[in-house]
1. Roughly speaking, to the nearest percent, how much of the chain's 1.4 Å accessible area is carbon and sulfur?
2. Taking amide H atoms as placed 1.01 Å from N in the peptide plane, list the residues 5 or more away in sequence, or in a different chain, whose amide H sits under 5 Å from that of Val117.
3. Per residue, how much accessible surface does the stretch 4-150 expose to a 1.4 Å probe? Answer in Å², no decimals.
Amino acid sequence: MTTSQELAAQEEQLQFDRFDNDTAIALGQQLLAAAQERGLPLVISVRRNGQRLFHAALPGTSPDNDAWIERKSRVVDRFGHSSFYVGTLHRESGDTFEEKSRLDPDLYAAHGGVFPVILRGTGPIGTVGVSGLPQAEDHAFVVEQLAKFLGR
């Protein structure tokens, strides 16, 4: 099982020097191509400052996957860390995000799959995420693709 320390290290490593609309679209296209190549049923979303710059829904997904991305993205926007990190931190401390955060679970989900777009020297400015696989696999896919995109 991945620890919160490992997840925090991913966020330290996977940062952008610049992130504009073209960067978001290129990142989204890479995620889409990788998902298609593997036949993964994913919804893909890339956002900056609350604006969705890339969105795709592959076969095997439903509107529920869009809702999951929104809920996970709200967690990243609020806490500045990956949705998997936030959920893992709560599990490690022996409680649940739902109990401790007191946030509406219909609006917030601390499940893996959405990662902060972190601009080096600035901090989180957006999100990149997927929904369609078990949470650890959603998270691992995003991290793998970010590392590839950033040349890490």
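The values are calculated or read from the model by the stated rules, or taken from the named source; none is laboratory data. Everything quoted here is computed from the prediction, not taken from an experiment. To get the accessible areas, we keep the full protein, side chains included, count just its heavy atoms, and leave off ligands, DNA and RNA. Shrake-Rupley method; radii C 1.70, N 1.55, O 1.52, S 1.80 Å.
1. Values: 3650 of 7430 Å².
After summing per-atom areas, the C and S share lands at 49 percent.
2. Ile125, Gly126, Thr127, Val128
3. Details: 6960 Å² over 147 residues.
The answer is 47 Å² per residue.
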